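Step one of this worksheet: look at the structure below.
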Amino acid sequence: MQRLQAFKYELMPTGEQQRNMRRFAGSCRFVFNKALALQKARYEQGGKKLGYAGLCKELTAWRNGAETPWLADAPVHPLQQTLKDLERAYANFFAKRADFPRFKRKGQGDSFRYPDPKQIKLDQANSRLFLPKLGWLRYRNSRDVLGAVKNITVSQSCGRWFVSIQTEREVEPSVPQATSAVGIDMGVARFATLSDGSFYAPLDSFKRQETALRKAQQAMSRKTKFSNNWKKAQARVQRIHARIGNARRDYLHKSSTAISQNHAMVCIEDLQVRNMSKSAAGTTDAPGKNVRAKTGLNKSILDQGWFEFRRQLDYKLAWNGGYLIAVPPQNTSRTCPCCGYVSKENRKTQALFACVRCGYEENADVVGAINVLRAGHARFACVPQGDFLRGKVSDAVGSPAAGTHRSDSSRLDAAMSAVGISGL
Ligand SMILES: [Zn+2]
């Protein structure tokens with residue numbers, strides 16, 4: 001089985017290399033913005049959007065033209081990759097996956113990508129790599145790169161430069177070591193609650209850093225714009241931003257690694273952006289949960305966390321031979337795991353679930369996670385806990401349209417036999 005993996009390292013560039021990397025990132029940004037402006041202008045004049053080949057022709061003209069001769073100093077492949085990125089941004093927009101492409105600003109995701117492995121030389125023994133127009137760059141060699149290099153992305157964050165090496169290699173399909181299945185309920189008060197009762201603290205539990213960030217932002221707003229002190233304050237704001245981002249990333253990786261190693265099958269709610277923005281405000285009949293927390297910036301951070309968490313679970317489970325199952329979220333918070341009674345009365349408070357029929361009481365998030373797990377089971381096999389679950393829960397939560405995230409049936413079979421579910 002093919003395994004794609006990225007390895008990221010901090011670069012230790014010379015002063016000249018840093019200047020060049022800044023210029024190359026700037027050239028890519030310039031090309032992206034110029035191409036976007038061109039597409040917009042063509043659209044306003046009723047013309048057709050240029051394809052990738054058409055944009056590349058324009059790029060050649062810009063590089064050879066008198067107006068922007070400095071574009072010729074930047075390596076041509078990364079500039080073309082920028083046009084590919086713009087193409088993808090448009091495709092995502094037309095497929096309703098993303099907003100309309102926006103102009104890039106300086107300091108916002110400064111990066112560029114070398115797509116051709118033939119132009120890249122990786123010398124791991126000497127902790128250095130060769131990139132066109134930059135020469136040999138030293139990097140902090142913290143671990144071995146495994147597999148054949150496919151492409152390389154150079155990026156900048158808070159004045160530090162990083163290289164991400166995308167590789168591909170053949171690995172033996174792994175057999176899951178774990179033998180358990182678990183359901184996960186994603187939430188605001190608790191980031192993730194597992195059906196076995198354990199839970200992970202919320203993603204926004206970095207309050208201390210957020211206070212520091214707010215203070216730094218206030219300090220920056222008091223300075224004269226673009227003065228030296230303003231620049232210092234700005235650098236401080238960026239440093240804190242990076243620290244919060246790193247802490248979150250680290251947290252997501254640690255929790256997704258632990259869960260994917262401990263369980264062969266993981267069931268998770270199939271949350272979609274549309275569902276979540278809808279559920280935030282709610283209706284008078286079913287008022288939204290944690291409306292304030294789910295709106296604004298906070299919401300976007302949480303959403304990102306959820307999707308990134310799910311993406312990591314998916315690929316890490318695949319690496320370990322496990323399987324991620326997405327189930328539609330209807331009624332997972334209102335169904336009694338003990339007797340199967342479905343009612344919103346069961347949900348006494350945000351935190352407490354108490355069945356009005358059989359009196360079963362449990363933390364509401366744990367109940368959600370148990371129901372997610374059972375819905376995952378019900379999707380694929382007989383449910384050992386009694387017939388009501390097949391009747392009620394699978395009707396409520398197991399529509400055939402939703403289900404496995406990826407159709408890798410042999411891996412699913414392995415995961416299912418690991419947790420003791422007999423075939424489909
Ligand atoms: Zn009950």
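Once R0 is set to 25 Å, what does the formula 1/(1 + (r/R0)^6) return for the Cβ-Cβ distance between ARG22 and ALA95, expressed as a FRET efficiency to the nearest 0.05?
0.15
Report the extension gain between PHE103 and THR14 in nm, rounded to one decimal, defined as 0.36 nm multiplied by the number of residues separating them, less their alpha carbon distance.
Once the chain is fully extended between PHE103 and THR14, it gains 29.0 nm.
Please arrange CYS355, CYS338 by counting, for each residue, the other beta carbons lying within 10 Å of its beta carbon, fewest first.
Sorted ascending by nearby Cβ count, the order is CYS338, CYS355.
Tell me, what is the FRET efficiency for MET1 and CYS339 to the nearest 0.05, using R0 = 35 angstrom and their Cβ-Cβ distance as r?
Given R0 = 35 Å and the Cβ-Cβ separation, E is 0.25.
By average Cβ neighbour count within 10 Å, what is the ranking of 146-157, 36-47 from highest down?
Numbers: 146-157: 17.5, 36-47: 12.2.
Order by mean packing, descending: 146-157, 36-47.
Assuming a ≥ b ≥ c are the square roots of the Cα gyration tensor eigenvalues, decide whether region 2-170 counts as rounded (a/c under 1.5), prolate (otherwise, with a/b larger than b/c) or oblate.
Cα axes put region 2-170 in the prolate bin.
At 7 Å along the Cα-to-beta-carbon direction for both GLN261 and ARG42, put a label point, then send me their distance in nm to one decimal.
Label-label distance for GLN261 and ARG42, simple model: 5.0 nm.
Among PHE30, PHE130, PHE353, what is the fewest-to-most ranking by other Cβ atoms within 10 Å?
Numbers: PHE30 18, PHE130 13, PHE353 24.
Arranged by neighbour count, lowest to highest, PHE30, PHE130, PHE353 become PHE130, PHE30, PHE353.
Rounded to the nearest 0.05, what FRET efficiency is calculated for LYS348 and ARG249 with R0 set to 35 Å and r the Cβ-Cβ distance?
0.45
Express in nm, to one decimal, how much length is gained between ASN126 and ALA61 on full extension, taking 0.36 nm for each residue of separation and deducting their alpha carbon distance.
19.5 nm
So for region 2-170, averaging the separation of alpha carbon pairs under 8 Å that are six or more residues apart and normalising by length, what relative contact order in percent results?
So the answer I get is 35 percent.
Obtain the nm distance between the two label points defined at LYS49 and PHE307 by a simple spin-label model: each point lies 7 Å from its Cα along the Cα-to-C-beta direction.
Placing both labels 7 Å beyond Cα along the Cβ direction yields 1.8 nm.
Would you be so kind as to identify which of LEU4, ALA89, LEU131 lies farthest towards the positive end of the dipole of region 2-170, taking Lys and Arg as +1 and Asp and Glu as -1 on Cβ and the Cα centre as origin?
With unit charges placed on the Cβ atoms, the residue in question is ALA89.
Values in this text are rule-based calculations from the coordinates and carry no lab data. Since the structure is predicted, the reported quantities are computational estimates derived from the model, not experimental observations. Backbone-built Cβ (ideal geometry, glycine too); neighbour counts: all protein chains shown.
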